[in-house]
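A short write-up of the structure that comes next.
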């Protein structure tokens, strides 16, 4: 064999280029390891000269031989070390080895690796360009001595500078598990070297799979803290996806603990830097709910949020919106008076509205405002409540100040405008101020007042220059314009959009003057956005083109006057606008055929037409005269609410009705209960526990569920009940129980909790409200109460009363520890009413603060004793009388003044009168209203003209009859609002009806329109008027019928009443016990009473035809002294009369 090997060496050296796979396949397998290794040594020496295919063939020979040896001897040519085994058996062909082959040849390969010295292993890791990465992975992963492995990595880091990303990934993948399993053997220095030196070039290739392993999730806090530090240092090297993956592992680690926050110890140095040490840059991907889940104690999170190291960290992070909001809440809750200077810029917009701001320095105020400008570019919209208190610290407003403020100028309080600004500066700044959105009319009026001090002139050009401030122009100022000015302004769309936001008096005067100035068609001249100010009296003559009518933004009253005209102009009901369709009346639609009527109602579907219950009820009655429509899904859901269920497809019916507005049902109606009962049968509901599926079908019908049903049903009930207008006491209690089950203890609620609760927060009782954190109540309830006050005043008062009860009892002695500031007033609004008693207002409210916040305080629902305190402070401020401009802000405080005091007020403008009336909660017939009107009328140019009557429409009952009698008919016709006569005496109703009938007589040719114009004052109609109305079949709803004068109604015949009520006749039975019905029945016969479907006794006996006997079977009184039972007496009489009739008939036959 020795000679053969020698010959082989010669042949290889001489003929290698000619070698191919065929030649190599002839290499012997049945030889000893020694001879085999000699062959490999010879071939290995020529490796660099071989073609790749030849080299692979040699490796194939190696593999075949070693496998055979493994089978024959159990050992594949073993050696003393792995390095020697590789060199002896493979030589240079080891570069082609794959891990699976090596494990077949040498099962102890990984065990033997640890026998290698670091340098020996490094020698195995060839650094040629064609690195065998699989082999590297096997070698490195099997080298488990952490100390020696560290030396290997140190050596590799020197050699691998220019190697590929793939090589780095392989090395890290092989070494990382060994590192993790050896953590217990590493001290602080070793750990730092590994993480921050050895792994520096490898960390960018870290994967979630490598990190999200038990060794990491269960690691000690020391390692985790260092890991967070290292991965935060290398944060920028990771892709966004990897950063998110790393955070997800951190989250899993922090949640993997019985006690939270994990790794927190109050005794450690910098314990409050927990967020910095255990999240660091990865707070970027943390949501508010995540952060909450990391701690069982939110107070700790508040403390963590204020840590200086953490705040410095947060400055450079791009936090999510929800985290910014929550982090700001934590900071504000932890330190409400935190200095603005230490708040990170990226959180300032989110926290500013949560802090108690007390800035007294103008420079600081302006600097803060400058920092807040960027809030408009973020998703945060700062309200005036945040900015107002800062702006009160500005003492001098220059043109540069206004230019710098930009849109933030809208937060300047009206009193500040009046007292701290200069008219000339305002005029200089008009170009910017005129572009600011959301001025209140009071603010705009204050600016216009200051402009007038520097001789600001009023014409089309100057009004256009006012931009958004035009809403502050007074109605009197409109009188200064020329006819041509009105025509120019009416054609300016931007001006009209601004004017739409103006107070009623100004809009009404502008439209009235425009009508007087134009020769065009009225509907072409008046901008569609101002159509609400067109007097109803002129509509009949003006409305001749359906396209023009359709584009106008009508009020419901106007649309009702027009509706019959519209139906005469078109039968294409689908083309009618929502503004027109809201004017539907059954009287106007009476002339339509059944098919036309159905088409009209179907046209309302999908158009969000707001109809009240009288309109909906009337529609349903008219449709009920036909068979139940098979296409009921084509009708609006609110109409279906009144129609009753479909026998063929009740489930679909209830699913549609569930989307209706149950608030459209009259108070106390049994319809909801009836519908629910039918729905139960349809849906197969039994018991009191309703499923999610049941509730999704029922929708708004859930508003009628009992307290027990609400309490027992699926939590989804809280979603379906959101749309309900009101709840009974029992329902509210059940809802509160559901809320507490869903959201847990009120002490843990957040603003997000309250927002999700929405309208259902009105059901919370004082005991629950008392547990809600004060900061949360201050954040949620001001805006909620403002919204509620506009929607439902009674519910607003109920919620306010519960909040008041929930307050901790005050001390008997008032110590003002919290002065009432502009910041508190602007942010807490209605909560101020319950937070400060009259005595506390006296002690805590400074006169200057009252003056600055007069408009806001005037909007609040203070009790009488609180209003008296506010009045007293105002009297001190303005000993010579309140200036007229401040009356626009007075609001409810006006109610604290006596009639004699009001008689001395300076009310020279209709705008002032309007503000005093509209901004306070007056009773419509309050004598103080007359005092204000009388004071206004003392102004030489003041009259009860169309504008004034529009303003006074809800309060005409407060005037005396002589004032109404003296009204000019033309002024009544120019009024755009129909009056409310609910609280008027009968004699006043009579006078009002007479005057308005005369004013609108020209509209009598359209009986329906005439009725619509007069129905608000119809309580003063004479019987002759009612007969005239009945001839026009107005389909009067039962509510209006009840307003009629009973003494006039009793004169009417049953036929006339039918003519008045029409399709609503069945509703008459529901008020059969009312005075108006009983009085009418008392003067009419039973036949007439019965003809109206009334089940009551008449007061007039029927006239007996000749030859007839009238027998009264209604009496239950037995014959005197009979001692018999009363129930048998009518039967006895009936039998006697029958016998008598038989005898008479027999007598006639004889």
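Cβ contacts < 9 Å: first residue closer than 17 Å to residue 885 by Cβ, restricted to segment 452-464; second residue surrounded by fewer than 15 Cβ atoms within 10 Å (Cβ to Cβ) and at pLDDT 95 or above, any location; separation 6+ or different chain. Result?
Close Cβ pairs (under 9 Å, with a partner that is surrounded by fewer than 15 Cβ atoms within 10 Å (Cβ to Cβ) and at pLDDT 95 or above) amount to 453/424; 454/424.
Is it true that residue 265 is under 30 Å from residue 289 (Cβ atoms) and either surrounded by fewer than 19 Cβ atoms within 10 Å (Cβ to Cβ) or in contact with a helix residue (DSSP H, G or I) (Cβ under 9 Å, 6 or more places away or on another chain) (or both)?
yes
Residue-by-condition table, conditions (1) within 29 Å of residue 382 (Cβ to Cβ); (2) at pLDDT 90 or above:
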site: 782; (1), (2): yes, yes
site: 789; (1), (2): yes, yes
site: 797; (1), (2): no, yes
site: 811; (1), (2): no, no
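Report yes if some residue within segment 483-491 is over 23 Å from residue 941 (Cα atoms) and surrounded by 19 or more Cβ atoms within 10 Å (Cβ to Cβ); otherwise report no.
Yes; the residues of segment 483-491 include at least one that is over 23 Å from residue 941 (Cα atoms) and surrounded by 19 or more Cβ atoms within 10 Å (Cβ to Cβ).
Please specify each residue of segment 879-903 satisfying the condition of being surrounded by fewer than 19 Cβ atoms within 10 Å (Cβ to Cβ), modelled with pLDDT of 95 or more and assigned to a loop (DSSP other than H, G, I, E, B).
883, 898, 903 - these are the residues of segment 879-903 that are surrounded by fewer than 19 Cβ atoms within 10 Å (Cβ to Cβ), modelled with pLDDT of 95 or more and assigned to a loop (DSSP other than H, G, I, E, B).
Conditions: (1) in contact with a strand residue (DSSP E or B) (Cβ under 9 Å, 6 or more places away or on another chain); (2) under 24 Å from residue 412 (Cα atoms); (3) at pLDDT 95 or above. Residue 820 meets all but one. Number of the miss?
With (1) in contact with a strand residue (DSSP E or B) (Cβ under 9 Å, 6 or more places away or on another chain); (2) under 24 Å from residue 412 (Cα atoms); (3) at pLDDT 95 or above applied to residue 820, the lone miss is (3).
Among the residues in segment 200-210, are any within 45 Å of the chain's Cα centre (by Cα), farther than 24 Å from residue 262 by Cβ, outside the structural domain of residue 243 (by TED's automatic domain parsing) and modelled with pLDDT under 95? Walk me through it before giving the result.
Of the residues in segment 200-210, the ones within 45 Å of the chain's Cα centre (by Cα) are 203-210.
Then keep just the ones that are farther than 24 Å from residue 262 by Cβ; that gives 204-205.
So of that shortlist, the ones also outside the structural domain of residue 243 (by TED's automatic domain parsing) come out as 204-205.
Still in the running and modelled with pLDDT under 95: 204-205.
There is at least one residue in segment 200-210 that is within 45 Å of the chain's Cα centre (by Cα), farther than 24 Å from residue 262 by Cβ, outside the structural domain of residue 243 (by TED's automatic domain parsing) and modelled with pLDDT under 95.
Residues 428, 512, 435: which one is closer than 19 Å to residue 408 by Cα and more than 36 Å from the chain's Cα centre (by Cα)?
Being closer than 19 Å to residue 408 by Cα and more than 36 Å from the chain's Cα centre (by Cα) holds for just one of 428, 512, 435, which is 428.
Among the numbered conditions (1) farther than 30 Å from residue 296 by Cβ; (2) surrounded by fewer than 16 Cβ atoms within 10 Å (Cβ to Cβ), tell me where residue 734 comes up short.
Here residue 734 clears every test but (2).
Being within 24 Å of residue 61 (Cβ to Cβ) and modelled with pLDDT of 85 or more, is that true of even one residue in segment 149-158?
No, segment 149-158 has no match at all.
Out of contact with any strand residue (DSSP E or B) (no Cβ under 6 Å at 6 or more places or on another chain), surrounded by 22 or more Cβ atoms within 10 Å (Cβ to Cβ) and at pLDDT 95 or above, is that true of residue 867?
Answer is yes for this residue.
Being within 18 Å of residue 81 (Cβ to Cβ) and in a helix (DSSP H, G or I) is the filter; apply it to segment 98-112 and report the residue that is modelled with the highest pLDDT.
Residue satisfying both the conditions and the ranking: 105.
The values are calculated or read from the model by the stated rules, or taken from the named source; none is laboratory data. Source: prediction; values computed, not measured. Cβ coordinates were reconstructed from backbone atoms using ideal geometry, including for glycine residues, and neighbour counts include every protein chain displayed.
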